[in-house]
Amino acid sequence: MKTTRIQELLEKHIAFNCNQSEQEELAKLIESMSDDLLKPELLKLLEQYEPTTHISEKEKERKLNAILNADKPTIKLQRKSVSFNRRVVAVAASVVILFSIGLFTLKLDNRSSEQAMVLKAPTASPDRATSYIRHLTLPDGTSVILKSGSTLHFPEEFRGRTREVILSGEAYFDVKHMNSKPFIIHTGNVKTTVLGTAFDVKAWPGQKNVIVSVTRGKVRVEDDKKVLAVLVRNEQLKYNGVELAEVVKKVVAEKIVTDWTKEDMVFDHVALGSIAQTLGNRYGVNITITNLQLAKAEIVSAFSGTESLQNVLDVLCTINPNTHFNIKEKEVVISNN
């Protein structure tokens, strides 16, 4: 069954995973649709779920009608002074109440007395921008943390004498060491070459300067005419496309990196299920938590955002006693059996 845009946004809304523009898009779609058009979309969404207690078809129909028959007067939402009617707010809120708070849970192929939470990873490729940070592993084993809104182009396999990628936006690279095969990042006419090191490159479209900050090792930065600088640990270069915007300076490069890589990785009494959703997005894996009670367990922890998935799960399972995890390719299972 083909997923429509409103179904896609409703699913993200249920998971509290809509950014501001998506929330406004969802509200406008609801506002523009008649009950006759909106009701089938809600029913399609409902088919993916099952009630936690028995609910008749008549009761299901009554609940959907209650959502759709909200009062019509216009109210103001505190978001850029955008005005939506009460029906929009009622639908958006009621969908969360029905599907997220516990009247319904996701259907499972194999039901058990303790239902599992299954979280599927998004399928966006690295050359498409997303609203969340991603942790990528390149074909040579290099780790890349790609900032939200950024894109990275790279081949399925690094052939020839170099490993070359194209970055738009910002990324942190921890490059796999290969003496005979340098790693090259292209950002416009600026080229950053390394053998094995860790560093941050910031090169947004329309941004005046390309900024390279090194946390470990040594990198060479050049344009299409000359070498601009050779940087070592805790050095930074800013280049405006014509000349160095400032001389190479000393910085605390690790702080520059973690200031953005730790976004969404600080958890203060956050349910394990919500944390798993964040990790699934970031690391591109499907995560199953074997029972809903475990998914509701609250966690207090914080990460720099540069850790591997294995390291993050090690910490989370240590915090929550008798909890274990298993990683097999793109599938992760968290259990407390």
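Please treat every number below as a calculation from the coordinates, not as lab data. Please read these numbers as outputs of a predicted model, since none were measured by experiment. Backbone-built Cβ (ideal geometry, glycine too); neighbour counts: all protein chains shown.
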Tabulate in residue order the Karplus-calculated ³J(HN,Hα) for region 264-272, using 6.51 cos²θ - 1.76 cosθ + 1.60 with θ = phi - 60°, rounded to whole Hz; enter x for Gly and Pro.
6, 10, 10, 10, 10, 6, 9, 5, 4
Shape descriptor, region 108-222: equivalent ellipsoid semi-axes (Cα gyration tensor, sqrt 5λ, whole Å, largest first) stand at 32, 17, 12
Are any of the pairs LYS28/LYS202; LYS147/LYS250; LYS28/LYS296 more than 28 Å apart by Cα-Cα distance, and if so, which?
LYS28/LYS202; LYS28/LYS296
Need the full-extension length gain, ASP223 to SER148, defined as separation in residues times 0.36 nm minus the C-alpha distance. One decimal, nm.
24.4 nm
Within region 218-316, report the trypsin sites (Lys or Arg not before Pro) that DSSP leaves as loop and that have at most 14 other Cβ atoms within 10 Å.
LYS225, LYS226, LYS296
Figure the gain on full extension for LYS120 and THR318 (residue separation times 0.36 nm, minus the Cα-Cα span) and round it to one decimal in nm.
68.9 nm
Residue span ARG216 to LYS296: 0.36 nm per residue of separation minus Cα-Cα distance leaves a gain in nm of 24.9 nm
From a point 7 Å beyond the Cα of ASP127 in the direction of its Cβ, which residues of region 192-222 have a backbone N at a distance under 19 Å?
205
If each part is reduced to its alpha-carbon centroid, region 179-258 and region 276-297 end up apart, in Å, by 36 Å
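Please quote Rg/Rh for region 160-249 to two decimal places, taking the Kirkwood radius as Rh and restricting both calculations to Cα atoms.
Radius of gyration over Kirkwood radius for region 160-249 works out to 0.93.
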Here the Cα Rg-to-2.2 N^0.38 Å ratio for region 229-308 is 1.61
